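Chemist: Handing you a structure now.
The values are calculated or read from the model by the stated rules, or taken from the named source; none is laboratory data. It should be emphasised that the depicted structure is a prediction, and the values quoted were computed from it without experimental measurement. Virtual Cβ from ideal backbone geometry, glycine too; neighbours counted across all protein chains shown.
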Amino acid sequence: MHIPDGFIDAKTAITTFSLSAIGLTLSLRQVRKTYPPQKIPLIGLTAAFIFAAQMLNFPVAGGTSGHLIGAVLASILLGPSAAILAMSTVLILQCLLFADGGITALGANVFVLGIVAPLVGHTVYRVCLLLCQPRAHAHFVATAAAGWVSTVSAAIVCAGLLALSNTVDWGIAFPAMAGVHALIGMGEALITSLIITALLRIRPELVTSHDRPCPALNSRALAPYGLLISAGLVLFVAPFACGWPDGLEKVAGTLGFEHFAKAVTMPTTLFADYTTPWLSTAFLSTVLAGTVGVITVFGFSYLCLLAIKKRADS
């Protein structure tokens, strides 16, 4: 659902950039004041995992593919403020290094996927968890509901931005985007629920202690294992991801506004389309680009937030 350059006009781009800047500022302030220092590495680790997972497109009906957004996963593991920072880091680096999402649409992508998706998902998760407990599988049900609602909500907001930009009429964009992402949201719900269920069995402190210090949690010790899992996704799964167009691309092609997309070249987009330009082998090209991305996302998130947190505590 990454919006490319050309799909939104200047006023929408400026508005969403401003809203995203406000959201990031408030989230950063909240993390600086209240987030446990021992969990700072987990923000980078979650961001790296989501980056890798977003490379894994799965097939959906009608020749459409989808991929994990990861906003609900991030909000459950990190809390809403830190989730916004993790998601935004992924989206910014995807744009600047991999040409995934437009430069002029960066504010819109952060707003839709980095702010709306985690906030809606976290709200739905908490409400459903409150209603379902103490029943068995409460976390599974709450996570599934949050994943689906979060995905569809982000799609609806994206449709609204397209309509505000006069790219496509709202009456056409709304059912098209909501319909295809209702199917993609099922994949998001299932994958996220399975991950959270597995973590509750093997490392429950990751799910239950995002807003307070946890003596049983050693994020630095977990980091190598988490990075290894993320790298494993890139190595063994990403090269074989479904090549069908994603939800937004499919809607753009069906409704006839795909020609609005513009490629804005940047000297930083070294690994455009998650490939390595000097490698002719497609498998190695994707693996190297993805591995660089995982390491970059983790390192950028961890080092920046650690420096900010230390400055706030000094």
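Chemist: Working carefully through the options L45, L68, find the one that is buried (at least 24 other Cβ atoms within 10 Å of the Cβ), in a loop (DSSP other than H, G, I, E, B) and not hydroxyl-bearing (S, T, Y).
Modeler: Working: L45 fails: in a loop (DSSP other than H, G, I, E, B).
Only one candidate qualifies: L68.
Chemist: From the list L85, L56, L129, L68, exactly one residue is within 22 Å of K39 (Cα to Cα), out of contact with any Cys (no Cβ under 7 Å at 6 or more places or on another chain) and not β-branched (V, I, T). Which is it? It would help to see each step written out before you state the result.
Modeler: On the way: L56 fails: within 22 Å of K39 (Cα to Cα); L129 fails: within 22 Å of K39 (Cα to Cα); L68 fails: within 22 Å of K39 (Cα to Cα).
After ruling out the rest, the residue left standing is L85.
Chemist: Six or more apart or on different chains, Cβ atoms under 8 Å: show the pairs whose first residue is in segment 120-149 and at negative phi and whose second is of a type in the set (F, W, Y) and in a helix (DSSP H, G or I).
Modeler: A142/Y125; T143/Y125; A145/Y125; A146/Y125
Chemist: Restricting to segment 128-138, name every residue that is small (G, A, S) and in a helix (DSSP H, G or I). Working first, answer last.
Modeler: If we filter segment 128-138 for residues that are small (G, A, S), which is where we start, we get 136, 138.
Selection gives A138 alone.
Chemist: Could you list, in sequence order, all residues of segment 208-249 that are β-branched (V, I, T), closer than 30 Å to Q30 by Cα and either modelled with pLDDT under 85 or assigned to a loop (DSSP other than H, G, I, E, B) (or both)? Don't jump to the end; show me each part of the working.
Modeler: Residues of segment 208-249 β-branched (V, I, T): 208, 229, 234, 237.
In the following step, the residues that additionally are closer than 30 Å to Q30 by Cα were identified as 208, 229.
T208, the sole residue that qualifies.
Chemist: In segment 55-87, what count of residues is obtained for those that are in contact with a helix residue (DSSP H, G or I) (Cβ under 7 Å, 6 or more places away or on another chain) and polar (S, T, N, Q)?
Modeler: Residues in segment 55-87 being in contact with a helix residue (DSSP H, G or I) (Cβ under 7 Å, 6 or more places away or on another chain) and polar (S, T, N, Q): 3 in total.
Chemist: Further question on the same structure: Quick check on I8: is it more than 30 Å from V141 (Cα to Cα), of a type in the set (A, V, I, L, M, F, W, C) and buried (at least 22 other Cβ atoms within 10 Å of the Cβ)? Let's see the steps before the verdict.
Modeler: On the way: more than 30 Å from V141 (Cα to Cα): yes; of a type in the set (A, V, I, L, M, F, W, C): yes; buried (at least 22 other Cβ atoms within 10 Å of the Cβ): yes.
Spelling it out, I8 is indeed more than 30 Å from V141 (Cα to Cα), of a type in the set (A, V, I, L, M, F, W, C) and buried (at least 22 other Cβ atoms within 10 Å of the Cβ).
Chemist: If you don't mind, there's one more thing I want to ask. Taking segment 58-105, which residues are among the hydroxyl-bearing types (S, T, Y) and in contact with a His (Cβ under 7 Å, 6 or more places away or on another chain)? Reasoning before the result, please.
Modeler: Of the residues in segment 58-105, the ones among the hydroxyl-bearing types (S, T, Y) are 64-65, 75, 81, 88-89, 104.
Passing the criteria: only S75.
Chemist: Residues of segment 1-32 being touching a helix residue (DSSP H, G or I) at 6+ places or on another chain (Cβ under 7 Å) and not hydrophobic (A, V, I, L, M, F, W, C), which ones?
Modeler: Let us first name the residues in segment 1-32 that are touching a helix residue (DSSP H, G or I) at 6+ places or on another chain (Cβ under 7 Å), namely 1-3, 6-8, 12-13, 16-17, 19-20, 23-24, 27-28, 30-32.
Selection gives H2, G6, T12, T16, S20, G23, S27, Q30, R32.
Chemist: If you don't mind, another one. For residues in segment 250-272 being under 21 Å from V294 (Cβ atoms) and at pLDDT below 80, which is surrounded by the most Cβ atoms within 10 Å (Cβ to Cβ)? Spell out the reasoning first.
Modeler: Residues of segment 250-272 under 21 Å from V294 (Cβ atoms): 266, 268-272.
Add one more test, that the residue is at pLDDT below 80, and what stays is 266, 268-270.
On the way: M266: 13, T268: 13, T269: 18, L270: 16.
Selected residue: T269.
Quick grid of which residues meet (1) among the β-branched types (V, I, T); (2) part of a loop (DSSP other than H, G, I, E, B); (3) out of contact with any Phe, Trp or Tyr (no Cβ under 7 Å at 6 or more places or on another chain):
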residue	(1), (2), (3)
L93	no, no, no
T123	yes, no, yes
F140	no, no, yes
T192	yes, no, yes
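Chemist: Can you find even one residue in segment 299-307 that is surrounded by 19 or more Cβ atoms within 10 Å (Cβ to Cβ), more than 25 Å from I195 (Cβ to Cβ) and in contact with a Ser or Thr (Cβ under 9 Å, 6 or more places away or on another chain)?
Modeler: Among the residues of segment 299-307, not one is surrounded by 19 or more Cβ atoms within 10 Å (Cβ to Cβ), more than 25 Å from I195 (Cβ to Cβ) and in contact with a Ser or Thr (Cβ under 9 Å, 6 or more places away or on another chain), which makes the answer no.
Chemist: Any idea which of L131, L85, L162 is more than 30 Å from I295 (Cβ to Cβ) and buried (at least 24 other Cβ atoms within 10 Å of the Cβ)?
Modeler: Details: L131 fails: buried (at least 24 other Cβ atoms within 10 Å of the Cβ); L85 fails: more than 30 Å from I295 (Cβ to Cβ).
Every option except L162 fails the conditions.
One line per residue, one yes/no per condition, for (1) of a type in the set (A, V, I, L, M, F, W, C); (2) under 10 Å from the mean Cα position of the chain (by Cα):
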| site | (1), (2) |
| --- | --- |
| S18 | no, no |
| A47 | yes, yes |
| F58 | yes, no |
| G62 | no, no |
| S65 | no, no |
| M87 | yes, yes |
